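One structure below.
The values are calculated or read from the model by the stated rules, or taken from the named source; none is laboratory data. In this text, all values refer to a predicted model and were calculated from it rather than measured experimentally. All Cβ positions, glycine included, derive from the backbone under ideal geometry; neighbour counts span all protein chains shown.
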Amino acid sequence: MKLLDIANRYYLVVLILVFSIGSLAAYSVLKGIINHEFNEKLFAEKEQLIFELNNYENLQKTYYLNIGDVIDIREVETNPMVSSLLIDTTMYDQYEKKELPFRQLTFSEEIKGKYYVITISKSLLPNLDLIQGVSEIMIGIALLLMVSLGFLNRWIFKKLWKPFYQIIDQLQRFKISQPIPLDIEPSDVDEFNKLSAVLDEMITKNIKDYKTLREYTDNTSHEIQTPLAIIKNKAEILMQEDLTESQMMEVSKIYEASTRLARLKEGLSLLSKIENNQYIASEAINLKQYLEKRLESFEELIELKQITLTTTFHSEPTVHWHNDLAYMLITNLLSNAIKHNIQEGYILIILNQNSLLIRNSGKEPLISTDQLFERFKRSSNLRESTGLGLSIVKRITTQYNMKIDYQYSQDKKEHTIELNWDHSE
Amino acid sequence: MNILLVEDEKSLGESILNYLEKSGYHCEWVENFTQGSEKTWAYEYDCVVVDITLPDGNGLDLIEGLKKIKSKSGIIIISAKNAIEDRIRGLDIGADDYITKPFDLSELNARIKAIIRRRNFDAQNEIVFNEIRVSPYDRTVSVNDQSISLTRKEFDLLIFFISNQNRVVTKESIAEHLWGDNMDMADSYDFIYSHLKNLRKKIQEKGGNDYVETVYGIGYKFTKT
């Protein structure tokens, strides 16, 4: 989840909490005030009524009492001694034409020597309306605040965290093999300035270390060549001598080992060259023609193993690869399909606009499929195999943003490798 | 046949010198750029074998010097770097071939032979090995004056053997000579065997001798007996 979303979520929770508590509190306080006021009014009316009843003959003449208030005056024989009693009830309202809440004040009074029980009923409707209005205003303000806070937050985030996202963006695109120093605008935020300074320092150091390592690898690989050549050639010279058979075998082992080492070194330095992006240039390659040409060079091997080769070219895609890498990729894939095949097996090649599928019969690999692309993981005990072929394939596919899938089918005993590349590339 | 070897690594120089002299060349060996340049000015060699990295100069400059004096020598570059730029530049300025360390002496020998053959171009130029006559230009072979037809690989194999006659040549060097990079295969040795079997059969059918001797576990030896 994004930082902004998380922050917004907290804001929202707190805001809702504060507003519900605040609204409830405001509601009860308001209600209390209004109620109090209302009751005061009723009592004031009571006093007024008593005053009017005592002083005037005709009650109709007065207009001091509120319209809508219902006054009920009942004459009783004896003093009921009712002190003021407040109750809430519902009554039929003439104007609204429905039952509405009313508050009644009932009291008894002695007026001009007679006893009366008087009830003043006052509609609570304006009261309720007021509370509802206030609540609506509260909710409205809450919503408005939430929305504006959200926008404000977003804006602050964008502005404040801009350097941070800049750093992330640059780090994402950073490649140690093609290092571009970080370019981050100085920010008002000390923390970000510190972060970019620390990162800058770290990256500079890493680039330096990487260069040193690369030079070391290059030099080592270069320096190994000559002694390796000496060992190999000395063994060859020894072979020409009149040696006993066992001596000859020993020499031959030296020779074989040096040959293997040379091939291993070749593979490793190739891998490091690809990793160092030393194969940048690319050319348009017609994959169909290219495959056909490569297959020609394997013809004899395919024949020797009596392998049935089926090629299906659904399309004739043009890819833009470095010539050497294309050679390595296709040769490795084809030679694997032959090397790990069985006598009288089969190879199926399907070329589409965006994909190349190579399927061949063969024994089950000795290692799990996800390890197959790692260095020095061999799927068989073939002595001639350096265990680098598929790592090289993997490296090349990574370079060209291709997808590579490998599968082994247990029942059919077949290996399938599929390459996918983006057509737009 | 005169060959000049310019190689600063003593042990390597020794081996190459040893192998080439036993192949019947007259071979001179110098260890640095200065001496190499002097030699090339003084004599015309059939082939010059130059290491690129020399203590006092670049082998490529030596080649440029050779080209300046319009030398007809064949040129092979030896390099520790399998760098494409070096190879392209070397071949651009007029080298005939490029070989990367570590290499097989038999391969170097075969390449020197091929270059010398090309340099002394002559349609009549044939390689005669007892009853076997090979014409490298039209790629034909005859045994006891009867022509035999060989596949490309069989032909290359025969030339490789004749170039390295009386030498033990390893299976690895044959495989690399015939298939280059593609030889990283388990069955390439079976494959050599199958080509060799056909080659032997075709030569023997015309009454030729079997000159190929198997050196157990190592390779073969083509012996002129």
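Some points to look at:
- All of (1) assigned to a helix (DSSP H, G or I); (2) in contact with a helix residue (DSSP H, G or I) (Cβ under 9 Å, 6 or more places away or on another chain) hold for residue B:64 with one exception: (2).
- Residue in segment A:297-305 that is modelled with pLDDT under 90 and more than 10 Å from chain B (Cβ to nearest Cβ) present: yes
- Qualifying residue in segment B:133-150 (condition: at pLDDT below 90, within 13 Å of chain A (Cβ to nearest Cβ) and surrounded by 15 or more Cβ atoms within 10 Å (Cβ to Cβ)): no
- Condition met for residue B:97 (more than 14 Å from every other protein chain (Cβ to nearest Cβ) and either surrounded by fewer than 17 Cβ atoms within 10 Å (Cβ to Cβ) or β-branched (Val, Ile, Thr) (or both)): no
- Matching entry among A:92, A:56, A:63 (being at pLDDT below 70 and surrounded by fewer than 14 Cβ atoms within 10 Å (Cβ to Cβ)): A:63
- Pairs linking a residue in segment A:270-284 that is touching a residue at least 40 places away in the same chain (Cβ under 8 Å) to a residue that is surrounded by 11 or more Cβ atoms within 10 Å (Cβ to Cβ) and among the basic types (Lys, Arg), with Cβ atoms under 8 Å and 6 or more positions apart or on different chains, are A:271/A:375; A:271/A:395; A:272/A:214; A:274/A:395; A:275/A:395; A:276/A:214; A:279/A:273.
- Index of the failed condition, residue A:359 passing every other in (1) surrounded by fewer than 18 Cβ atoms within 10 Å (Cβ to Cβ); (2) part of a strand (DSSP E or B); (3) of a type outside the set (A, V, I, L, M, F, W, C): (1)
- Taking the listed residues A:129, A:88, the one that is farther than 30 Å from residue A:53 by Cβ, under 60 Å from the mean Cα position of the chain (by Cα) and either part of a loop (DSSP other than H, G, I, E, B) or of a type in the set (Asp, Glu) (or both) is A:129, with no other qualifying.
- Of residues in segment A:268-296 being of a type in the set (A, V, I, L, M) and away from chain B (no Cβ under 14 Å), the one farthest from residue B:178 (Cα to Cα): A:284
- The set of residues from segment A:273-295 being at pLDDT 80 or above, part of a helix (DSSP H, G or I) and either under 26 Å from residue A:351 (Cβ atoms) or in contact with a Ser or Thr (Cβ under 9 Å, 6 or more places away or on another chain) (or both) comprises A:274, A:287, A:288, A:289, A:290, A:291, A:292, A:293, A:294, A:295.
- Among the criteria (1) within 12 Å of another protein chain (Cβ to nearest Cβ); (2) over 30 Å from residue B:50 (Cβ atoms), the one residue B:171 does not fulfil is (2).
- Of the criteria (1) under 19 Å from residue A:226 (Cβ atoms); (2) surrounded by fewer than 16 Cβ atoms within 10 Å (Cβ to Cβ); (3) at pLDDT 90 or above, which one residue B:58 fails: (3)
- If the condition is being charged (D, E, K, R) and in a loop (DSSP other than H, G, I, E, B), then segment B:1-28 contributes B:7, B:8, B:9.
- Scope segment A:213-252; condition under 22 Å from residue A:268 (Cα atoms), loosely packed, with under 15 Cβ neighbours inside 10 Å, among the charged types (D, E, K, R) and more than 9 Å from every other protein chain (Cβ to nearest Cβ); matching residues: A:215
- Counted residues, segment B:10-44 - those being modelled with pLDDT under 90 and within 14 Å of chain A (Cβ to nearest Cβ): 3
- Within segment B:197-212, the only residue that satisfies the criterion of being closer than 11 Å to residue B:161 by Cα and not aromatic (Phe, Trp, Tyr) is B:212.
This table checks each residue for (1) within 14 Å of chain A (Cβ to nearest Cβ); (2) aliphatic (A, V, I, L, M); (3) in contact with a strand residue (DSSP E or B) (Cβ under 7 Å, 6 or more places away or on another chain).
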position: B:46; (1), (2), (3): no, no, yes
position: B:71; (1), (2), (3): no, no, no
position: B:81; (1), (2), (3): yes, no, no
position: B:91; (1), (2), (3): no, yes, yes
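- Selection of strands (runs of 3 or more DSSP E) fully inside segment B:74-136 by the criterion of at least 3 residues being of a type in the set (D, E, K, R) and in contact (Cβ under 8 Å) with a residue 12 or more places away in the chain returns nothing.
- Consider segment A:320-349 and keep the residues that are buried (at least 18 other Cβ atoms within 10 Å of the Cβ) and more than 25 Å from residue A:364 (Cα to Cα). The one that is nearest to the other protein chains (Cβ to nearest Cβ) is A:322.
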